[in-house]
Amino acid sequence: QDTKVIGVSIPAATHGWAGGMNYFAQEAVERLEATYENLDFVLATASDPAKQVSDIEDMLATRNIDALVVLPFESEPLTGPVQGVAESGAWVTVVDRGLSQEGIEDLYVAGDNPGFGRVSGEYMASKLPDGGKIVVLRGIPTTIDNERVEGFQAATEGTGIEILAMEHGNWNRDDSFTVMQDFLSKYPEIDAVWASDDDMAIGVLAAIEASGREDIQFVLGGAGMKEMVKRTMDGDAMIPANVTYPPSMIATAIEITAVGLVSNAPVSGEFIIGSVLVTPENAGQYYFPDSPF
Amino acid sequence: MSEPILSLHGVSRSFGAVEVLHGVDIALRPGRVHALIGENGAGKSTTMKIMAGYQPATSGTIRLDGQPVTFADMAEAEARGIVMIHQEFNLAEQLTVEQNFFLGRELKKGWLLDKAGMRAVAREYLDRLSCAAHVDRVVSGLPNSDKQMLEIARALSRDARVLVMDEPTAVLTYAETDILLEQVRALRAHGTAILFTSHKLDEVKAIADDLTIMRDGDVVYSGPAADLDEHQMAEAMVGRDVSNLFPPKPAAPAPQPVLEVAGLAVPGYADDISFTLNRGEILGIAGLIGSGRTETFEGLCGLRPHRGTVRIHGRPVQIRHPWDALAYGLGYLTEDRKTRGLLLNKTMRENLTLQSLGAFSGWMIDQKAEEAALTQAIGAFDIRAGDRAIKVGNLSGGNQQKLLLAKTMLAEPDIVVIDEPTRGIDIGTKQQIYDFIRALAAQGRSIVVISSEMQEVIGLADRVLVMRLGRIAGEVSGDRMTEDDIVRLAMGVEGQGREAAPMEAR
Amino acid sequence: MTATQTPPARAPRRGLPSMTVLGPILALLVLLAIGMFLNENFLSHANITNVLARSAFIGIIAVGMTFVITAGGLDLSVGSMAAFIAGLMILVMNAALPALGIGVPIILLGMATAVAAGLAAGFLNGILITSLGIEAFIVTLGSMGIYRSLVTWLADGGTLSLDFGLRTFYRPVYYDGILGIGWPIIVFAVVVILGEIAMRSAVFGRHCAAIGSNDQVARYSSINVNRVRLMTYVFLGLLVGVATIMYVPRLGSASASTGLLWELEAIAAVIIGGTVLKGGFGRVWGTVIGVLILSLIGNILNLTDLVSPYLNGAIQGAIIILAVILQREGRAGG
Amino acid sequence: MTATQTPPARAPRRGLPSMTVLGPILALLVLLAIGMFLNENFLSHANITNVLARSAFIGIIAVGMTFVITAGGLDLSVGSMAAFIAGLMILVMNAALPALGIGVPIILLGMATAVAAGLAAGFLNGILITSLGIEAFIVTLGSMGIYRSLVTWLADGGTLSLDFGLRTFYRPVYYDGILGIGWPIIVFAVVVILGEIAMRSAVFGRHCAAIGSNDQVARYSSINVNRVRLMTYVFLGLLVGVATIMYVPRLGSASASTGLLWELEAIAAVIIGGTVLKGGFGRVWGTVIGVLILSLIGNILNLTDLVSPYLNGAIQGAIIILAVILQREGRAGG
Ligand SMILES: Nc1ncnc2c1ncn2[C@@H]1O[C@H](COP(=O)(O)OP(=O)(O)OP(=O)(O)O)[C@@H](O)[C@H]1O
Ligand SMILES: Nc1ncnc2c1ncn2[C@@H]1O[C@H](COP(=O)(O)OP(=O)(O)OP(=O)(O)O)[C@@H](O)[C@H]1O
Ligand SMILES: [Mg+2]
Ligand SMILES: [Mg+2]
């Protein structure tokens, strides 16, 4: 039986979540290469959409891939090139972000960004039943961030929650630290913070701690970083919950694709990996001490 | 005679395939001034650089106190008491006078710089040379003569056993030259060995004890300076008679104004300048250093902001930019060839055609035509370069000046202002350049010659304007074109001109 | 005047070209050899076409950058400018779609928009640098931030996408070509040839080098220094516009991450190619080699899985330094 | 002639300081006024402390950058270098924890690691630039990629975090201080004062300016040009190490996004402060003003909601250009 090649194209590890996703991708590739002798993997990480398109072109031109697992940097620019791969007859698995044309991919392992925002918003509303003033840290300006924030806003609308301000913390600890410091200077009273990501939550917590302010009741991060889940599990009042957006979805996608390719019983369809609220009660289920993220 | 301190024996030097020194012998003795003269490109600067450790010799030996030595670099030579003043300025333009003065051997007080001390010492040495430049001024804003004085002061402060000076007087006035020569005499009395080049043979005659004459990389004369007079020196250098330095002046034709300037003012430098330049005329501009001659004409040519009315061929014109001037057929040759005249890291061809590229290009630059123009210029201006592809910065100083002249003339200006045309040019070439300028005038072009060399102005010009403190102090022509009259006007001492006496010696 | 010993009109030494010339070419050849060794498909038509076509964007921009740097300037804004122009072009084309329908006119409108926006952006940079005399680094750092922000704002933080039908119609501008050579490659080649001629044989290139070498001398040589300098930025802006015309059909979208770090890549290509960062000397063909070297590094890293993808950047950095060492070592020797 | 007509020895005008001096200060004052006007908390002790403390990292690095640029160099690698040093420091401290336990020794070990790594990194950049004579832009672009990759690799794509207990112990180095002044501010102030002295009153600063102005002249003045130039990079590396020592206790972590674009910010601060990008003239106090201007812009934008956050970058860019225009306009006039 001849060797089959699977191409994996993902964004580079430029922030915490992407770093975790990179880790899981590499780990899955190593594990599967060891398990299946007749599988070969090509893993490429891209720092911008154009580079990702180039990576995919290279895989097609020089590596004769039989399948492609792609986590698009952005949907629009990747649609055409991925369509090209599909037309060449290769298997296509799309992860996390859908393409802008339907029906290109054979398998779609999807995260749910609007859902991520909605779950966060609903939790926020339930924690602040009498309303409250909150500030929001946003990610890098992208469609993903827009979808999350829109979901959040929709869920908090009409609940008495007042969003004092939103700024971009770029999914970055340092940026969110700075932004939060300035929010603290600006608003004498803040009830809660939606940090929308655990990396940003770390920066926010550090800023709050340094300011000595007592009015902020809690910070809601997201994506389930192990340290943060641990603190939720341990009942830290500042971090009462988390919302999952598992970076390991890439590993799931690679695995299903590999198994499908080897067994000649391809699994097509759509897997939605929904965002789940993590509370002290269920945190144990979402705590993976061996994960790097 | 005393034993030499520093001597070269059979020293040769090649750049690539071109050998520019062929076995030079020269010996410097304590308490004596040794003059090294020769045509442009003869190898004077190269010889000096080898002696001071700036360049290695290709073959031959250098002896210091009788012992063969090789200097790894100039720092080593300097540590052994050999100090050199370069033909090119060797100053960091963005630094101040004091910072340049002490560059590389700053005085310290504990960990920190002793700025007050350095200022005082720098001031003292500059005062000795009567140089008024302020020690906190940035060097880029200084006139050339002050830069040269700074370099000299710096060298004087180093307590040298051997002082090597490459054309230190090229940008100095007579008065400044006198001050420098005074210092040189003092050093000689103190036992320093001095090597000195200049194209001004009167200076050589006045100061030198020993004389070496070079031609095309060979020593052609070596002996006491007293044995030759200026004419013989010139002849030994050039290989022909140069007694008639200036071409004869033709009878003045009927004046036909080409350039009329009225009420020209260059703020801060010159005011109320009015004059007329006629067709086929050579107009000399004399004046003391700092009298604003350069600035006036830079203003006229659009290189500085200015006011006033200018007519060319009777038509009023507005010259705001240098390219306006060129469009009206007005060209300007700068006095500062290193920083304003030539691109030192480009070839001769690129420099030559820079100002007149339009004439060499349709859609594309015609490189063959450029090469032809270069061949023509090399012939016409006697430019001596070992290799046509040489970077202009590696040309000898005089050959750079010739190239600059060629470049300005290539644009075929109708009216040309030449600021200090013969700085650093040997006497043989000077004669050629004067002939050339006169020939231009004969062709019907009009020429302004700004010069600090009195004899040049008198010998070459049909008429002389004298500037003083940014204004025209007067005009002399015909029989009144004498040094005495010009000096009186330049100094504002009309009628009691005995102060000008030292000039007469020249 | 007397005839003198004029040296024969010898051209610069004809023999072996010097290492500054050979260096970048050698580095390129070494990379090609490595690529061939690692993958038999490396020299396939498809791969070569891919690499060349994707080099075209940076390449076209880098040609313009060569002139800017040669004239002693710098432009950090080209990447954001490309993103902004792409965004603007998409907005204009989408807006005109109801009126014009899908067809050649709307494409031409888009192209005209890109060219006009590029010229305007270049002009703005240039006028600030020349008329106000502000350090080019600061002006273009400022405009880099401005264009990047503007495109984020135009896209509302997300992605601006060309209408799908329109995109399908426009696509061939990137993906098709004549005689099997893609349009981007053809346009790149034309830009390079014109650029090389302009640099080597036109007055403009000569003036750029003169200004970069010593702008005082240029001024005293009656060169309109500010105009030439302004022209270099305008010219670069134009080329950014042209690059964008090729870029939009490739990805059909623009976002805050479009053209990220293109400025560094373009400047690096220019310098790897032997142009002097402080100005005074530039060569367009060198820049092309620089661009190809940079593209090939990325391509080769995709050919193999020898190293952790985390280390791609390190390999890239090391190769850039090595490529230049090769060239300088030679210079020291030759 | 007997006398020259030199104007009386004119000192550089003493009266009013020129606009190049006033310009950056004026820009800073304008920003302060705007901040005060827009938010009453702007001048609160907490806000001022925040702004100063967060300026400290870039500030400390920018002081070193001032010397590098003054001597005619450039360093693009400082941001990645900081990330790499932070990562290394965290790894070393975590690894030594079982042996040393929480206490002063392990903190000192971490600090020593940072300083040593900074010196080594600066030395490497410097030696490539001086001994091999490669363009600083290329060397540091390369090492920028290398360090950024290395930290990503060390962190396995994620984040390196200091042991929690250790972090709690180390935290005061960022958050505490003496007499209400935070340590980062104190260290920054000390670095600035030493830097200003070194630039203005020590041989080193003078030699840097001389080399940047004309390295040939410097060489002829018996200055060991390569050594001074190397020193500027080593010195900058050291300061990157010091900045990292202050940075790590703040959040206790390092990742691929640590120190992103610090290099551009540092260079911008240096140039806004009036140092000349091509070398030859530098001033440390100007750099401090530049750093403060850059920090204040961000702070003010966060304290107000006048503009869409998408446009922050545009405002930032515009203010940078304006700050420098202010300075240059004055120069043209004065
Ligand atoms: N670095 C160099 N590379 C190539 N040729 C050089 C270099 N330096 C000097 N030369 C050549 O050596 C010859 C002698 O030059 P040198 O500067 O010694 O002349 P000089 O006698 O000082 O002339 P001048 O009176 O014009 O100053 C010239 O032909 C010059 O072009
Ligand atoms: N001692 C001084 N201190 C300050 N500035 C001076 C001094 N001497 C001259 N300058 C300035 O330096 C510049 C150069 O003047 P320069 O000596 O070239 O005038 P000039 O009349 O053209 O004389 P020349 O052509 O003989 O050099 C002028 O701007 C002048 O005002
Ligand atoms: Mg000479
Ligand atoms: Mg003058």
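The values are calculated or read from the model by the stated rules, or taken from the named source; none is laboratory data. Quick caveat: nothing in here was measured; it's all calculated off a predicted structure. Counting neighbours? That spans all protein chains shown, and the Cβs are built from the backbone with ideal geometry, glycine included. Accessible surface areas use protein heavy atoms only, side chains included; no ligands, DNA or RNA. Shrake-Rupley method; radii C 1.70, N 1.55, O 1.52, S 1.80 Å.
Given the structure, is B:Glu182 among the acidic types (Asp, Glu) and either within 16 Å of ligand 4 (Cβ to nearest atom) or not assigned by TED's automatic domain parsing to the domain that holds B:Arg315 (or both)? Can you show your working first?
Numbers: among the acidic types (Asp, Glu): yes; either within 16 Å of ligand 4 (Cβ to nearest atom) or not assigned by TED's automatic domain parsing to the domain that holds B:Arg315 (or both): yes.
Against the criterion (among the acidic types (Asp, Glu) and either within 16 Å of ligand 4 (Cβ to nearest atom) or not assigned by TED's automatic domain parsing to the domain that holds B:Arg315 (or both)), B:Glu182 qualifies.
Only one entry in C:Arg167, C:Arg206 is open to solvent by less than 40 Å² (accessible area, probe 1.4 Å), of a type outside the set (S, T, N, Q) and facing chain B (nearest Cβ under 10 Å), namely C:Arg206.
Applying the condition of being facing another protein chain (nearest Cβ under 8 Å) and in contact (Cβ under 8 Å) with a residue 40 or more places away in the chain to segment D:292-318 and asking which residue is farthest from C:Met144 (Cα to Cα) yields D:Leu303.
Can you find a residue that is open to solvent by 40 Å² or more (accessible area, probe 1.4 Å) and either over 26 Å from B:Ile437 (Cβ atoms) or outside the structural domain of B:Met74 (by TED's automatic domain parsing) (or both) anywhere in segment B:162-170? Let's see the steps before the verdict.
Within segment B:162-170, the first condition is being open to solvent by 40 Å² or more (accessible area, probe 1.4 Å), and the residues that meet it are none.
Among the residues of segment B:162-170, not one is open to solvent by 40 Å² or more (accessible area, probe 1.4 Å) and either over 26 Å from B:Ile437 (Cβ atoms) or outside the structural domain of B:Met74 (by TED's automatic domain parsing) (or both), which makes the answer no.
Residue-by-condition table, conditions (1) surrounded by fewer than 24 Cβ atoms within 10 Å (Cβ to Cβ); (2) away from every other protein chain (no Cβ under 14 Å):
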site: A:Ser211; (1), (2): yes, no
site: A:Phe218; (1), (2): yes, yes
site: A:Met228; (1), (2): no, no
site: A:Val243; (1), (2): no, yes
site: A:Ala258; (1), (2): no, yes
site: A:Gly269; (1), (2): yes, yes
site: A:Val276; (1), (2): yes, yes
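Only one residue in A:Lys4, A:Lys51 is surrounded by fewer than 23 Cβ atoms within 10 Å (Cβ to Cβ) and at the interface with another protein chain (Cβ under 9 Å from one of its Cβ atoms), so which one is that?
On the way: A:Lys4 fails: at the interface with another protein chain (Cβ under 9 Å from one of its Cβ atoms).
Unique residue meeting the criteria: A:Lys51.
Regarding segment B:152-168, can at least one residue be identified that is over 20 Å from B:Glu78 (Cβ atoms) and either within 16 Å of ligand 4 (Cβ to nearest atom) or within 13 Å of another protein chain (Cβ to nearest Cβ) (or both)? No, because not a single residue in segment B:152-168 is over 20 Å from B:Glu78 (Cβ atoms) and either within 16 Å of ligand 4 (Cβ to nearest atom) or within 13 Å of another protein chain (Cβ to nearest Cβ) (or both). Within the option set C:Ala266, C:Ala198, being open to solvent by less than 10 Å² (accessible area, probe 1.4 Å) and either in a helix (DSSP H, G or I) or within 14 Å of chain A (Cβ to nearest Cβ) (or both) holds for one residue only, C:Ala266.
Looking at segment A:37-48, which of its residues are small (Gly, Ala, Ser) and open to solvent by 20 Å² or more (accessible area, probe 1.4 Å)? Before you say what the answer is, go through the steps one by one.
Taking segment A:37-48 as the starting set, the residues that turn out to be small (Gly, Ala, Ser) are A:44, A:46-47.
A:Ser47 - this is the single residue of segment A:37-48 that is small (Gly, Ala, Ser) and open to solvent by 20 Å² or more (accessible area, probe 1.4 Å).
Scanning segment D:15-73 for residues that are part of a loop (DSSP other than H, G, I, E, B) and either open to solvent by 50 Å² or more (accessible area, probe 1.4 Å) or among the β-branched types (Val, Ile, Thr) (or both) yields D:Gly15, D:Leu16, D:Pro17, D:Ser18. Screening B:Leu344 with (1) hydrophobic (A, V, I, L, M, F, W, C); (2) in contact (Cβ under 8 Å) with a residue 40 or more places away in the chain; (3) open to solvent by less than 10 Å² (accessible area, probe 1.4 Å) gives one miss only, at (3). Residue count for segment C:287-297 under the criterion of being open to solvent by less than 20 Å² (accessible area, probe 1.4 Å) and small (Gly, Ala, Ser): the result is 1.
Matching residues to (1) within 15 Å of ligand 1 (Cβ to nearest atom); (2) open to solvent by 30 Å² or more (accessible area, probe 1.4 Å):
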site	(1), (2)
B:Ser356	no, no
B:Ala359	no, yes
B:Glu370	no, no
B:Thr375	no, yes
B:Ile390	yes, yes
B:Thr408	no, no
B:Glu412	no, yes
B:Val416	no, no
B:Lys430	yes, no
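Can you tell me which residue within segment B:392-409, out of those that are closer than 20 Å to B:Ala359 by Cβ and more than 11 Å from chain C (Cβ to nearest Cβ), is nearest to ligand 2 (Cβ to nearest atom)? In this case the residue turns out to be B:Leu405.
Here are some residues: A:Gln101, A:Gln153. Which one is modelled with pLDDT of 90 or more, within 23 Å of the chain's Cα centre (by Cα) and within 14 Å of chain C (Cβ to nearest Cβ)?
Values: A:Gln101 fails: modelled with pLDDT of 90 or more.
Step by step, each of A:Gln101, A:Gln153 is checked, and only A:Gln153 is modelled with pLDDT of 90 or more, within 23 Å of the chain's Cα centre (by Cα) and within 14 Å of chain C (Cβ to nearest Cβ).
Residues that are within 16 Å of ligand 1 (Cβ to nearest atom) and acidic (Asp, Glu) are absent from segment B:171-179. More than 16 Å from ligand 1 (Cβ to nearest atom), open to solvent by 30 Å² or more (accessible area, probe 1.4 Å) and within 14 Å of chain D (Cβ to nearest Cβ) - does that describe any residue in segment B:275-297? Yes: segment B:275-297 contains one or more residues that are more than 16 Å from ligand 1 (Cβ to nearest atom), open to solvent by 30 Å² or more (accessible area, probe 1.4 Å) and within 14 Å of chain D (Cβ to nearest Cβ). If I ask for residues that are facing chain C (nearest Cβ under 9 Å), among the polar types (S, T, N, Q) and part of a strand (DSSP E or B), which ones from segment B:302-357 would you list? Hit for segment B:302-357 is B:Thr347, nothing else. Can you pull out the residues in segment B:174-224 that are within 16 Å of ligand 2 (Cβ to nearest atom) and of a type in the set (S, T, N, Q)? The one that is within 16 Å of ligand 2 (Cβ to nearest atom) and of a type in the set (S, T, N, Q): B:Thr177.
As for segment C:54-63, it holds at least one residue that is at pLDDT below 90 and away from chain D (no Cβ under 14 Å). Figure legend. Inter-residue proximity from segment B:362-374: first residues over 12 Å from B:Glu350 (Cα atoms) and at the interface with chain C (Cβ under 8 Å from one of its Cβ atoms), second residues open to solvent by 30 Å² or more (accessible area, probe 1.4 Å) and among the β-branched types (Val, Ile, Thr), beta-carbon distance below 9 Å, spacing 6+ or different chains. Indicated pairs: B:Trp363/C:Ile197; B:Met364/C:Ile197; B:Met364/C:Val203.
Do we find a residue being touching a Pro at 6+ places or on another chain (Cβ under 8 Å) and either open to solvent by 10 Å² or more (accessible area, probe 1.4 Å) or more than 16 Å from ligand 3 (Cβ to nearest atom) (or both) anywhere in segment B:14-27? Break it down into steps so the answer makes sense when it comes.
Filtering segment B:14-27 down to residues touching a Pro at 6+ places or on another chain (Cβ under 8 Å) leaves B:27.
Then drop every residue that is not either open to solvent by 10 Å² or more (accessible area, probe 1.4 Å) or more than 16 Å from ligand 3 (Cβ to nearest atom) (or both), which leaves B:27.
Yes, some residue in segment B:14-27 is touching a Pro at 6+ places or on another chain (Cβ under 8 Å) and either open to solvent by 10 Å² or more (accessible area, probe 1.4 Å) or more than 16 Å from ligand 3 (Cβ to nearest atom) (or both).
Restricting to segment D:41-67, name every residue that is more than 11 Å from the chain's Cα centre (by Cα) and more than 19 Å from D:Tyr174 (Cβ to Cβ). Across segment D:41-67, the qualifying residues are D:Asn41, D:Phe42, D:Leu43, D:Ser44. Residues that are open to solvent by 20 Å² or more (accessible area, probe 1.4 Å) and part of a helix (DSSP H, G or I) do occur in segment D:277-286, at least one of them. Residue-level check: of (1) crowded, with 24+ Cβ neighbours inside 10 Å; (2) within 30 Å of D:Leu108 (Cα to Cα); (3) within 19 Å of the chain's Cα centre (by Cα), D:Val234 misses just (1).
Only one residue in A:Gly131, A:Gly117 is away from every other protein chain (no Cβ under 11 Å) and at pLDDT 90 or above, so which one is that?
Values: A:Gly131 fails: at pLDDT 90 or above.
Exactly one residue qualifies, and that residue is A:Gly117.
So which helices (runs of 4 or more DSSP H) are wholly in segment B:44-149 and hold at least 1 residues that are without any contact (Cβ under 8 Å) to a residue 60 or more places away in the chain, away from ligand 3 (no atom under 16 Å from the Cβ) and buried (at least 17 other Cβ atoms within 10 Å of the Cβ)?
Working: elements: B:44-51, B:74-79, B:97-101, B:115-128.
It comes to B:74-79, B:97-101, B:115-128.
Residue check: is C:Ile223 open to solvent by less than 10 Å² (accessible area, probe 1.4 Å) and assigned to a loop (DSSP other than H, G, I, E, B)? Considered against the rule, which asks whether it is open to solvent by less than 10 Å² (accessible area, probe 1.4 Å) and assigned to a loop (DSSP other than H, G, I, E, B), C:Ile223 comes out as yes.
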